[in-house]
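The values are calculated or read from the model by the stated rules, or taken from the named source; none is laboratory data. All figures in this text were calculated on a predicted structure; none of them were measured in a lab. Quick reminder, even Gly has a Cβ in these numbers, built from the backbone with ideal geometry, and neighbours come from all protein chains shown. The accessibility values were calculated without ligands, DNA or RNA, using every heavy atom of the protein model including side chains. Shrake-Rupley method; radii C 1.70, N 1.55, O 1.52, S 1.80 Å.
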Amino acid sequence: MSTVVETVTEIVTPILDAQNFELVEVEFVKEGKSWFLRVFIDKEGGIDIEECAFVSEHLSEQLDQIDPDPIPQAYFLEVSSPGAERPLKKEADYQRAVGEYIHISLYQPVDGEKQFDGFLQSLDENQLVIKTRVKTREKERTIERKNIAKARLAIQF
């Protein structure tokens, strides 16, 4: 799987760079009996459907020209925006998320919990501070970055 992700990343990056788009994530997953190649892209102000179609068309053309085929099984190509709950993967994603409401899943529990929702207050290379709400009280928690399994922007209800 990782070679497919690496190959697609190499191919799609110049297409995105030429349009000033950002690659958020590439995933190649099997769901049921079908394989899906998903490419999540974004840009300042958000990405629209025509821009996704443009990238999909160009990426598909590039993949079809490679011999031998880097993805031998049948798959569905999906190019889309990461949406409102964009994953936080790169350092720049975390930096942009300071002050934003986020969701974090941890490898090891902190204060007996492995998931937190709250406002990202600050971060450095080793940890981040998130302000969470416990009933009517707000609490700042320091989370070691190496303990973060997944992080994403979240919608506050």
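How big is the antiparallel share of DSSP beta bridges in the chain, given as a percent to the nearest 5?
Once the DSSP bridges in the chain are tallied, antiparallel ones form about 85 percent.
What accessible area per residue, rounded to a whole number of Å², is obtained for the chain using a probe radius of 1.4 Å?
On a per-residue basis, the chain sits at 62 Å².
Of (i) 15.0; (ii) 17.4; (iii) 15.9, which one was derived for Kirkwood radius over Cα pairs in Å from the structure shown?
(ii)
Pull up all non-local amide H partners of Val24: gap of 5 or more, or a different chain, and H-to-H distance under 5 Å with H placed in the peptide plane.
Amide H to amide H, under 5 Å and 5 or more residues apart or across chains, Val24 pairs with Phe40, Ile41, Asp42.
For the chain, calculate the relative contact order in percent as a whole number, restricting contacts to Cα pairs under 8 Å that are 6 or more residues apart.
Contact order relative to length: 18 percent.
At 1.4 Å probe size, with no ligands or nucleic acids counted, give the accessible surface of Thr9 in Å², nearest ten.
Looks like 50 Å² after rounding.
Mind checking the dipole of the chain: about its Cα centre, +1 per Lys or Arg Cβ, -1 per Asp or Glu Cβ, Debye to the nearest 20?
For the chain, the charge dipole is close to 1200 debye.
Which percent of the accessible area of region 35-99 is formed by carbon and sulfur heavy atoms (probe 1.4 angstrom)?
With neighbouring chains kept in place, the figure for region 35-99 is 51 percent.
With a cut-off of 8 Å between alpha carbons and a minimum separation of six or more residues, what is the relative contact order of region 1-89 in percent?
Result for region 1-89 is 32 percent.
Over region 71-157, what is the mean sequence separation of C-alpha contacts under 8 Å (at least six apart), divided by residue count, expressed as relative contact order in percent?
For region 71-157, the relative contact order is 33 percent.
Mind listing which GluC sites (Glu not before Pro) in region 36-69 are in a DSSP loop and have 13 or fewer other Cβ atoms within 10 Å?
Glu44
Once phi is turned into θ = phi - 60°, what whole-Hz ³J(HN,Hα) does the Karplus curve with 6.51, -1.76 and 1.60 give for every residue of region 98-107, x standing for Gly and Pro?
Values, residue by residue: 4, x, 9, 7, 10, 10, 10, 10, 10, 6 Hz.
Angle, helix 2-19 long axis vs. longest principal axis of the chain, Cα atoms, 0 to 90°, nearest 10?
90 degrees
Can you give me the angle between helix 49-64 and the longest principal axis of the chain, using Cα atoms only, in degrees from 0 to 90, rounded to the nearest 10?
Relative to the chain, helix 49-64 is tipped by roughly 50 degrees.
Go ahead and set up a Gaussian network model of the chain, Cα springs under 10 Å, then flag whichever of Glu78, Glu138, Glu91 fluctuates most.
Fluctuation is largest for Glu138.
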